[in-house]
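As structure tokens, the structure follows; a few thoughts come after it.
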Amino acid sequence: MNGSMKSWCAGSLGALLCVMLGGCGASANPSNIVAGGSNGAKRSDAFQAAADNGKTTVVVGATGVVLTSADRGNSWSRQQLDPLSSFVGVSACADGSFAALDFFHRVWIADAAGDNWEARAIEEPVNPLAIACDGENRLWVVGGGSTIASSRDRGASWRTTVVGDDAMLASVQFVNKHEGFITGEFGAVYRTSDGGASWEALPKIGEDFYPYAAIFADRDRGWVSGLAGVVMQTTDGGKSWSKRINEAGAPIYGLALDRGTPLGVGINGLVFRASGDQWKLADARNATYLRAALPFGDGRVLVAGGAGGVEVTTLDGDRTVTAKN
């Protein structure tokens, strides 16, 4: 971890940024290979995000590592695009292609098979943290300086917009071609209803709220996880938020929707699922942390995180899970 990354880890979002950029807790021995052989994960891998286009699954992480699967995680192929890269997000576009966000100011574009990756430069945001590809194959990147960057030509050129005060924007998602949401530092929430042509500032979740992850089911319903295991929910499109009970009280680093039901992954390999107004433990995997959750829609969920942790698990059925602190 270099000096600039260490300074980040001292801030309010330090825990998550350490996970995203440094792979805190992962082994430093790159020869330590886990299941999957030379084409699989290594214990030094720190996975951050996953995406699927219906035929190909892609998992990305620190040091430019990309895993691809054509059979929903039964087997994997491994690529290391650039060891100086640090992928913090990946998105599948409507045309099947993939776009991965490199914290060090690049967006990497791949074909529908997760191959032929090409890097495109992105100057702003200063600290890019999240990426989305909307229904018209436009790329959206958010991060530091309350900056939103968008591209209509797969990252060949970028248009930037600054919203609000200087803050870290941590998530961006479009729920359809026209409507999308951004969440950020100090409880910031922005919404667009015109495909990103303009962004409306909504009431803040809370001045002291720092988001780890967000997921919206539609234009009305959404969930955001934050520091100290806090989970907030909106049912009116971000106009108001209510706190939900997290029975483990543990941080949730990633959120996803499994057949309409939100689930989360976080510290110590914990997997959570919403049940009414509560977030209950659904599973506990053998990982230092989990950052990515990718439901396949059939009861199986891919989870990925630190120490080379990437696997497909089944959450259907009742079970009792105990958090290990």
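The values are calculated or read from the model by the stated rules, or taken from the named source; none is laboratory data. As the structure is a prediction and not an experimental result, all values here were calculated from the model. Here Cβ is always computed from backbone atoms with ideal geometry, including for glycine, and neighbour counts include all displayed protein chains. Surface areas here come from the heavy atoms of the whole protein model, side chains and all, with no ligands, DNA or RNA. Shrake-Rupley method; radii C 1.70, N 1.55, O 1.52, S 1.80 Å.
Structure values in brief
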item	result
Selected residue (criterion: surrounded by the most Cβ atoms within 10 Å (Cβ to Cβ)) from residues of the range 296-317 that are in contact with a Lys or Arg (Cβ under 8 Å, 6 or more places away or on another chain) and without any contact (Cβ under 8 Å) to a residue 40 or more places away in the chain	303
Which numbered condition residue 151 fails, given (1) within 15 Å of residue 93 (Cβ to Cβ); (2) open to solvent by 10 Å² or more (accessible area, probe 1.4 Å); (3) under 21 Å from the mean Cα position of the chain (by Cα); (4) not aliphatic (A, V, I, L, M)	(2)
Cβ pairs under 9 Å, 6+ apart, first in the range 214-228 and free of Cβ contacts under 8 Å to residues at least 24 places away in the same chain and outside any strand (DSSP E or B), second among the polar types (S, T, N, Q) and surrounded by fewer than 17 Cβ atoms within 10 Å (Cβ to Cβ)	220/235; 221/235
Leading residue by the ranking (farthest from the chain's Cα centre (by Cα)) among those in the range 240-263 that are loosely packed, with under 14 Cβ neighbours inside 10 Å and in a loop (DSSP other than H, G, I, E, B)	240
All positions within the range 154-204 that are in contact with a Leu (Cβ under 9 Å, 6 or more places away or on another chain), small (Gly, Ala, Ser) and in a strand (DSSP E or B)	170, 171, 184, 188
Residue tally, condition open to solvent by 10 Å² or more (accessible area, probe 1.4 Å) and among the aliphatic types (A, V, I, L, M), over the range 52-75	2
Residue list for the range 189-238, restricted to those being of a type in the set (Gly, Ala, Ser) and either surrounded by fewer than 22 Cβ atoms within 10 Å (Cβ to Cβ) or over 23 Å from residue 274 (Cβ atoms) (or both)	193, 195, 196, 197, 198, 201, 206, 217, 228, 229, 237
